[in-house]
Amino acid sequence: MSATTLSTADLSAADVKADGRIPLRGHLRHTGALVRRNLLWIRQDPESMFDALLMPVVFTLLFVYVFGGSIGQALGGGQDGYVQYVIPGMIAMMSMTLSQGVGTGFSQDFNSGVMDRFRSLPIGRGSVLFAKVSVELVRMLFATTVLMIVAVLVGFDINSWPGLFAAVGLAAVFASSIMWVFLTLGVILKNAQSVQAMGFLVLFPLQFGSSIFAPTASMPGWLQAFTDYNPLSTLADAARGLMVGGPVAHDLWVTLGWSVAITAVMAPVAIHKFRTKS
């Protein structure tokens with residue numbers, strides 16, 4: 001199996017029922033085969049991991065050493081205090097920023113003809129999308145690992161390992177829901193550049209209009225109202241509470257609610273658009 005094709009040896013006639021429906025076991029087999037295909041593609045094109053490797057390094061150093069002093073003084077803890085504040089927020093940021101890659105990669109697969117190959121095989125259409133989400137979550141976990149290594153080097157104290165793992169798990173749940181939005185964009189927009197441009201228009205207001213990088217108390221009233229309903233704020237605050245200490249329950253449940261709602265709406269849309277795309 002090459003990195004850009006899927007062999008019929010990875011599929012089986014037993015995966016398809018007589019009426020053409022594919023049972024759950026068949027979907028799982030197809031998803032596993034597609035995950036392997038996507039991982040092989042990464043192995044043959046390691047440059048595709050550069051964003052997951054460099055982004056957490058660049059953003060951590062930028063915000064800690066450029067903005068950390070001034071914002072840290074406002075927080076009352078100096079640069080060291082800002083490190084404890086911003087790193088959980090960076091986990092939230094990584095979850096959304098890297099989610100954009102699933103849409104651009106999906107669009108590239110359409111334009112390169114890979115999806116035409118998939119459609120010629122007896123394969124579950126949803127399996128193609130679930131495999132994309134699964135591999136992108138692997139990339140996100142890799143980026144989070146890099147982020148935490150850099151965080152420790154700049155002085156972040158891991159107060160609770162269970163809290164850290166819970167925060168990463170919550171970020172992965174939220175990231176998987178956002179990926180359905182970008183998968184939909186990858187289907188309906190014509191090229192990867194359009195997906196990337198639309199992604200930036202969505203990402204920047206959500207990231208900077210949140211509590212990821214700075215407390216929201218000094219923001220104008222109308223912007224604070226936006227941040228109160230911004231899922232990235234609740235994700236960052238929940239991660240902060242889990243990793244550093246503080247209230248968790250409200251932000252945790254709001255983030256999970258956003259994740260379930262986004263997935264419930266966008267996953268069927270993405271699968272339908274993929275099935276009907278001409």
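The values are calculated or read from the model by the stated rules, or taken from the named source; none is laboratory data. Fair warning: this is a prediction, and the values are worked out from it, not measured in the lab. Because the Cβ atoms are built from the backbone with ideal geometry, glycine has one as well, and the counts that use them run over all protein chains shown. Only protein heavy atoms, including side chains, enter the accessible area calculation; ligands, DNA and RNA are left aside. Shrake-Rupley method; radii C 1.70, N 1.55, O 1.52, S 1.80 Å.
On the stretch given as segment 54-74, residues that are open to solvent by less than 70 Å² (accessible area, probe 1.4 Å) and touching a residue at least 40 places away in the same chain (Cβ under 8 Å) total 7.
Entry remark, segment 216-243: residues being part of a loop (DSSP other than H, G, I, E, B), aliphatic (A, V, I, L, M) and within 17 Å of the chain's Cα centre (by Cα) number 0 in total. Checked against the criterion of being open to solvent by 10 Å² or more (accessible area, probe 1.4 Å), at pLDDT below 85 and on the phi < 0 side of the Ramachandran plot, segment 124-135 contains one or more residues that satisfy it.
The residue list ASP109, ASP51 contains one member that is open to solvent by 30 Å² or more (accessible area, probe 1.4 Å) and either charged (D, E, K, R) or part of a loop (DSSP other than H, G, I, E, B) (or both), which is ASP51.
Considering (1) assigned to a loop (DSSP other than H, G, I, E, B); (2) at pLDDT 85 or above; (3) of a type in the set (Val, Ile, Thr), the lone condition that VAL83 does not fulfil carries the number (1).
Condition first: over 30 Å from GLY126 (Cα atoms), among the small types (Gly, Ala, Ser) and in contact with an Asp or Glu (Cβ under 9 Å, 6 or more places away or on another chain). Can you find one or more residues in segment 241-263 that meet it? Yes, segment 241-263 contains a residue that is over 30 Å from GLY126 (Cα atoms), among the small types (Gly, Ala, Ser) and in contact with an Asp or Glu (Cβ under 9 Å, 6 or more places away or on another chain). Within segment 151-171, the set of residues being open to solvent by 40 Å² or more (accessible area, probe 1.4 Å) and part of a helix (DSSP H, G or I) comprises VAL152, LEU153, TRP161, PRO162, PHE165, ALA166. Can you name the number of the only condition in (1) out of contact with any Leu (no Cβ under 9 Å at 6 or more places or on another chain); (2) outside any loop (DSSP other than H, G, I, E, B); (3) of a type in the set (A, V, I, L, M, F, W, C) that MET148 fails? Single failed check for MET148: (1).
Looking at (1) open to solvent by 60 Å² or more (accessible area, probe 1.4 Å); (2) more than 21 Å from LEU235 (Cβ to Cβ), which one does ASN38 not meet, given that it meets all the others? Looking at each condition in turn, ASN38 falls short on (1).
Contact annotation: residue pairs with Cβ atoms under 7 Å, 6 or more positions apart or on different chains, pairing a residue in segment 129-156 that is within 17 Å of TYR65 (Cβ to Cβ) with a partner that is among the acidic types (Asp, Glu) and open to solvent by 20 Å² or more (accessible area, probe 1.4 Å), are GLY155/ASP80. Flag: PHE213 matches the condition of being at pLDDT 90 or above, within 19 Å of the chain's Cα centre (by Cα) and either assigned to a loop (DSSP other than H, G, I, E, B) or over 21 Å from GLY169 (Cα atoms) (or both).
If I ask for residues that are in contact with a Leu (Cβ under 7 Å, 6 or more places away or on another chain) and open to solvent by 10 Å² or more (accessible area, probe 1.4 Å), which ones from segment 240-251 would you list? Hit for segment 240-251 is VAL248, nothing else. Reported count of residues in segment 172-219, each being closer than 19 Å to PRO268 by Cβ and open to solvent by 50 Å² or more (accessible area, probe 1.4 Å), is 2.
Yes/no matrix, rows are residues, columns are (1) under 20 Å from GLY105 (Cβ atoms); (2) of a type in the set (A, V, I, L, M, F, W, C); (3) touching a His at 6+ places or on another chain (Cβ under 9 Å); (4) without any contact (Cβ under 8 Å) to a residue 12 or more places away in the chain:
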| position | (1), (2), (3), (4) |
| --- | --- |
| VAL168 | no, yes, no, no |
| TRP180 | yes, yes, no, no |
| ALA214 | no, yes, no, no |
| ALA217 | no, yes, no, yes |
| TRP222 | no, yes, no, yes |
| VAL248 | no, yes, no, yes |
| PHE274 | yes, yes, no, no |
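Scanning segment 220-239 for residues being polar (S, T, N, Q) and open to solvent by 20 Å² or more (accessible area, probe 1.4 Å) gives a total of 1.
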